Amino acid sequence: MTVSHSRLQRYTVTACFGALAFVLMLFEFPVIPVVSYLKLDFSDLPVLLGTIMYGPITGIVITVIKLLLHGAMRGFSPVEFLGLFASFCSSVALLIPVAWFFRRGSHRSFKAAMWWSAVVGTLLLTVVMTLFNLYVLTPMYMKLFAWQPNLPIPELMAVGVLPFNLIKGIAVSAVFAFLASRMKHLLHLAD
């Protein structure tokens, strides 16, 4: 395969994964009633698969494609923009451990890389997004849109945001593990 052919293949896979991630982002649902504005979707699956195949930059590009398509469909209002930025941070928090354990830790087995990336990714997602919601997103929503949460902020984080991100990390990691294990030959991964 020539360099230009492999580059074209990489661009094509990236674009297709970006479009697939956008479609998956449309199928979102609330998980925790207290924070029903936080919705779970599986749009990070193509991001993580692209990260395994081509590295973290490709994963970030897939994330940007899905968010631009989503914003183009729903508009780039300030509320929507904050949600897209939060989604970007969430995707990056999940893809960093995947990139690390699959690309850098090539001496590890597939199962070890999958397990470690799932655990570290879920923990990183939970910590980053809880702190981001506590110190950035929630205060911005309150200030810009005169939004008042039903619970005090620390309690909202403890009973809503933190468990939501744990659930999201576990759910996305579980489906990702299933898909990646079935697609090892396509992803060029060894056992």
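Every number here is computed from the coordinates shown, using simple stated rules; none is lab data. Quantities reported herein were computed from a predicted structural model and do not represent experimental measurements. Positions of Cβ are generated from backbone atoms using ideal geometry, with glycine treated the same way; all protein chains shown enter the neighbour counts.
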One point scatterer per Cα, no solvent, Debye formula: log10 I(q)/I(0) for the chain at q = 0.11, 0.13, 0.18 Å⁻¹ comes out as -0.50, -0.69, -1.21
Length gained, F145-S6, 0.36 nm per residue minus C-alpha separation, equals 45.3 nm
The answer for M183, listing residues at least 5 apart or on another chain whose modeled amide H is closer than 5 Å to its amide H, is none
Sorting A86, L162, L45 by the position of each Cα along the dipole of segment 3-187 (Lys, Arg +1; Asp, Glu -1; all at Cβ), the one nearest the positive end of that ordering is L45
Expressed in angstrom and rounded, the centroid-to-centroid distance over alpha carbons for segment 135-184 and segment 69-85 is 18
With only helices counted (DSSP H, runs n ≥ 4, each -39500 (n - 2.57)), the per-residue ellipticity at 222 nm for the chain, to the nearest 500, works out to -23500 deg cm²/dmol
Given unit charges at Cβ for Lys, Arg (+) and Asp, Glu (-), the dipole magnitude of the chain about its Cα centre in debye, nearest 20, is 520
Sparse-neighbourhood loop hits (chymotrypsin sites (Phe, Trp or Tyr not before Pro), segment 27-102; DSSP loop; Cβ within 10 Å at most 15 others) -> F27, Y37, F76
For the chain, the count of lysine pairs 8 or more apart or interchain whose alpha-carbon atoms are under 23 Å apart comes to 6
